[in-house]
1. Would you pull out the residues with amide H under 5 Å of ASN305's amide H, same chain only if 5 or more places away, H placed 1.01 Å from N?
2. Please report the carbon-and-sulfur percent of the accessible area for the chain; probe 1.4 Å, protein heavy atoms only, DNA, RNA and ligands left out.
3. Per residue, how much accessible area does the stretch 12-170 show when a 1.4 Å probe rolls over the protein heavy atoms, in square angstrom?
4. How much net charge surrounds THR30 when only the other residues with a Cβ under 11 Å from the Cβ of THR30 are counted, with Lys and Arg +1 and Asp and Glu -1?
5. Which semi-axes, in whole Å and largest first, does the equivalent ellipsoid of the stretch 176-323 have when worked out from the alpha carbon gyration tensor as the square roots of 5 times its eigenvalues?
6. Give, as ranges by residue number, the residues of the stretch 224-251 whose backbone N falls under 19 Å from the point 7 Å along Cα→Cβ of LYS157.
7. Under 15 Å from the Cβ of LEU232, count the other residues' Cβ atoms, weight Lys and Arg +1, Asp and Glu -1, and hand me the total.
8. Tell me, what does the Kirkwood hydrodynamic radius of the stretch 17-92 come to in angstroms if you use every pair of distinct C-alpha atoms?
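The values are calculated or read from the model by the stated rules, or taken from the named source; none is laboratory data. Just so it is clear, the model here is predicted, and its values are computed rather than measured. Neighbour counts run over all protein chains shown; Cβ positions are idealised from the backbone, glycine included. Protein only, heavy atoms only, side chains kept; ligands, DNA and RNA dropped before computing areas. Shrake-Rupley method; radii C 1.70, N 1.55, O 1.52, S 1.80 Å.
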Amino acid sequence: MKLFNTLTRRKEEFIPLEEGKVKMYVCGPTVYNLIHIGNARPMIIFDTVRRYLEYKGYEVNFVSNFTDVDDKIIKKAIEEGVSAQEVSDRYIEECKKDMAGMNVKPATTHPQATQEIQGMIDMITTLIDKGYAYPAADGTVYFRVKNFKEYGKLSHKNLDDLQSGFRALQVSGEDQKEDPMDFVLWKPKKEGEPSWPSPWCDGRPGWHIECSVMSKKYLGEEIDIHAGGEDLIFPHHENEIAQSECCNGKTFAKYWMHNAFLNIDNRKMSKSLGNFRTVREISEQYDLQVLRFFMLNAHYRSPLNFSAELMESSKNALERIREAAARLSDRKAAAVSAEATEEEKDLLVSAKEYVAKFEEAMDDDFNTADGLAAVFELVKFANTNVNESSSKELAGGILDILTGLCDVLGLTIEKKEEILDKEIEDMIAERQAARKAKDFKRADEIRDELLAKGIVLKDTREGVKWKRA
């Protein structure tokens, strides 16, 4: 199995630090709002990487954090007149709902920054003691970039160019830095912000330190794979390397994986352009499995363009797989003969060739696009070779192969049970009664049950509207 390592800029054979085990860290979202489809791409991609590693027999310790203290969270809390924790707790739960809709498996551990403050203080203390960090007069603690000679090795940025660029960009208030490139590890509190006591001042951590601390706590000082969007390469991941390697005296991560950007209608996603899309909004139009299929139908290192036309194409393509699976299931149930004939046994051997094609694609830097191509070749093979006279063994065997490959991709291909209009109306009535009784937990459960059946609810002034996804 080979993967492209951002650190070395080449494909490398994957050899874990410990045989049979993989330690993997993926940077998670900052929880101040509903996640957008840009957040969804790394979630889906690296969930698929994890699934394939598990398929290959590895025991994967998968850690993905929630950044629950941040300027955006604080701004949202002030706007709403609530605590920052209330905002972050709310959107962590909403994020988990969207992840479940996309069939993203829960991480082995989902640490939260606010629960790891002491570990951050300890790491910062070690960095100060080793001469890699220093406190300023106001209690801000900075990392000494020039003391880490390998700074820039992930982003492949020249240190001299970086230094001149940072000097040109230096803003007021940063004159207490020893060097313009030094970055913040700890910052003093401001009025109305959450804060924690530390040896330097009451304040909160800088963004970069949290991942170094959580990775070390839940995975150890050295890990196999660190991943995230390519926008994190610099400065976030570069700074993580500097902090971790200076603190621990060891290589932080052996392999670095980054997914490319997602555009909307060939333009960068932006609220100002009016093309900002949340996963929740997409779920009102499509089964989120369609979004997952769309994301996997391109190589993760290739830029991806989101459009209504491409989503419709993905919906239709996924439906082809599901129809083939339903046909195989029907053939299996209706089969007169249980055991395969000699000719059918040869067909089962041939069907397994598509598994080899799938694995060849996934072994080549997790090429999900070519992996899906192998799945569609199997679908065509099944449609051609399985019919009313086929045995239970043949239809069931090919169905198992198809389901197994789709499971690796996180695609559920069982047809959703058709739900009748009266059933929908009855469930909506039950939900309305639950809301009236202030049983919001049950109301949310009913909404989620309907969504799982492909029914999207929308609360309007005229009442509850529903439609099929």
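1. Here the answer is ASN263, since their amide H atoms fall under 5 Å of that of ASN305.
2. Of the solvent-accessible surface of the chain, carbon and sulfur hold 48 percent.
3. Result: 44 Å² of accessible area for each residue.
4. Residues close to THR30 contribute a combined charge of -2.
5. Whole-Å semi-axes of the equivalent ellipsoid: 38, 20, 15.
6. 227-246
7. -3
8. The Cα-based Kirkwood calculation yields 14.1 Å.
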